[in-house]
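Notes follow the structure.
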Amino acid sequence: MRRRSAPTGPVVFDCDGLLLDTERLWTRAESALFARHGQPYGRAVKAELLGTSWETSGRILERLLDRPGEAEALAGRRRLGIASNSPRKWVEAVLESAGLAAPFEVVVASDEVAEPKPAPDVYLRAAELLGSPASETVALEDSPPGAAAARAAGMYVIGVPYFAELPLEADLVAGSLADAAVRAALGLRPDRAG
């Protein structure tokens, strides 16, 4: 059931591809890997891989680029968490590298729960650690498996798909974290923080 407005509880972000634009780096690495094996690589393949577990995606570590709007989206007065399909070491490293670790009270990684996304485990654990019922928690996601995980947890889901045409089952879909609709759903002023 879709809700008309977002709850006022904590906000839990996906990390790779949403908070940090690691998807561009993964796409380059995946494209090179497919080319090396003489296989075609395009949006259909990327859509299938998007949001999969660490083991499925493989390893890559490069300098990370911020996605537009992340600083503004973090500026509210809500408690913040991360629910990631990557291992904790990766999540902590990329958040530290990007200077984004401080605002997050809770980080839950796929290697700390029984099942990765699309199972709801990371989102349920994040809500628990934030002391909030999942139904009163907002999740921000960029991938179909992540959005499915947050919905299965019972959260209000704001989808910010990496590819605009990527279908996400979300309560609200926006083009970026800086989108006015995201700020409005989170109860933030459209022109500045909190």
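Read-outs throughout are calculated quantities, based only on the coordinates presented, and are distinct from any laboratory measurement. Keep in mind that this is a model prediction, so the values were computed, not measured. When we count neighbours, we look across all protein chains shown, and the Cβ atoms used for this are built from the backbone with ideal geometry, even at glycine.
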By its C-alpha gyration tensor, with a ≥ b ≥ c as the square roots of the eigenvalues, how is the range 125-194 shaped: rounded for a/c under 1.5, else prolate for a/b larger than b/c, else oblate?
-> oblate
Fully extended, how many nm does the chain gain between residue 163 and residue 184 (0.36 nm per residue separation, minus their Cα-Cα distance)?
-> 5.3 nm
In order over the range 116-128: 3J(HN,Hα) from phi, Karplus 6.51/-1.76/1.60, θ = phi - 60°, whole Hz, x for each Gly or Pro, gives x, 4, x, 5, x, 3, 5, 6, 4, 5, 4, 4, 4
Using the Karplus curve 6.51 cos²θ - 1.76 cosθ + 1.60 with θ = phi - 60°, work out ³J(HN,Hα) for each residue of the range 151-166 in order, rounded to whole Hz, and write x for Gly and Pro.
-> 5, 5, 6, x, 8, 6, 10, 9, x, 10, x, 5, 9, 4, 8, 6
Looking at the range 74-159, which trypsin sites (Lys or Arg not before Pro) are in a loop (DSSP not H, G, I, E or B) and have at most 11 other Cβ atoms within 10 Å?
-> 77
Classify the range 72-194 as rounded, prolate or oblate, taking a ≥ b ≥ c as the square roots of the eigenvalues of its Cα gyration tensor: rounded when a/c is under 1.5, otherwise prolate if a/b is larger than b/c and oblate if not.
-> rounded
Show the residues, 5+ positions off or on another chain, whose built amide H is closer than 5 Å to the amide H of residue 139.
-> 12, 156, 157, 158
